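Below is one structure, written out as structure tokens, with a few remarks after it.
The values are calculated or read from the model by the stated rules, or taken from the named source; none is laboratory data. This is a predicted model, so every value here is computed, not measured. Because the Cβ atoms are built from the backbone with ideal geometry, glycine has one as well, and the counts that use them run over all protein chains shown. Only protein heavy atoms, including side chains, enter the accessible area calculation; ligands, DNA and RNA are left aside. Shrake-Rupley method; radii C 1.70, N 1.55, O 1.52, S 1.80 Å.
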Amino acid sequence: RVQKYVPKNTLVAQYFPTEDVLYIFLLDQTSLKTRQVAVKESELARLGGKFRRSLCRVGDIEEESLALYRYLIAPIEKELQGKEVLAVVPTGSLLYVPFQALARSGADGTPEYLIERFQTVSLVKSSDLDILDNEVSRGSQGKLVAFGNPDGSLMSALLEVKALQDLFPNASVFTGEKARK
């Protein structure tokens, strides 16, 4: 049912950890596949917690990031080929993992983060694709207010807010000085 709402060049990966196995459900415009990864839910929760704590220490995220990448992204590398967007639907403790910061070892040995390779978005549930498609196609029934780049240091935030304004022409958008308190 949701497949018809998956955008072109997008892979939706829904993660479902169980006591002994991680199930990954993969959906794109033409197929539905599953992967099983032999990792305990408790190990994913331990690594995820350690990873979140390490984000507070600059330059100290590699070990946990690489370990989580091996469990969460490496098993779906084949399906990611040719894709531009990875839509992640995490479950359980994986809800707290910033997938964008997961990394593999690059050709020169430095970390290559997922966000550097793919536009990476997180969804609460895969049926959110249906809701997003319907909201955009019929126009929002509510009012969108967006704020971006208050101090000039977040160029991507500025681009994101402008993209929202394109989708929702009646939005109230505040950028730069106007995005401040």
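For trypsin sites (Lys or Arg not before Pro), the sites in region 1-72 that DSSP calls loop and that have at most 11 other Cβ atoms within 10 Å are Arg1, Lys8, Arg57. Restricting things to alpha carbons, find the Rg to Rh ratio for the chain using the Kirkwood radius for Rh. Rg divided by Rh gives 1.00. Cross-linked pairs Lys50/Lys181; Lys50/Lys143; Lys50/Lys125: Cα-Cα separations exceed 28 Å for Lys50/Lys181; Lys50/Lys143. Can you name the helices of the chain, as whole DSSP H runs, whose Cα span along the helix axis is 18 Å or more and whose Kyte-Doolittle mean is not below -0.5? Helices meeting the span and hydropathy rule in the chain are 155-167.
How much length is gained on full extension from Val85 to Lys143, taking 0.36 nm per residue of separation minus their Cα-Cα distance?
Full extension of this stretch gives 18.2 nm more.
Rounded to the nearest whole angstrom, the semi-axes of the ellipsoid equivalent to region 1-62, taken from the Cα gyration tensor as √(5λ), stand at 29, 17, 8, largest first. Ligands, DNA and RNA left out, the 1.4 Å accessible surface of the chain is 53% carbon and sulfur atoms.
Restricting to DSSP loop positions (anything but H, G, I, E, B) with no more than 13 other Cβ atoms inside 10 Å of their own Cβ, which GluC sites (Glu not before Pro) remain in region 1-49?
Glu19
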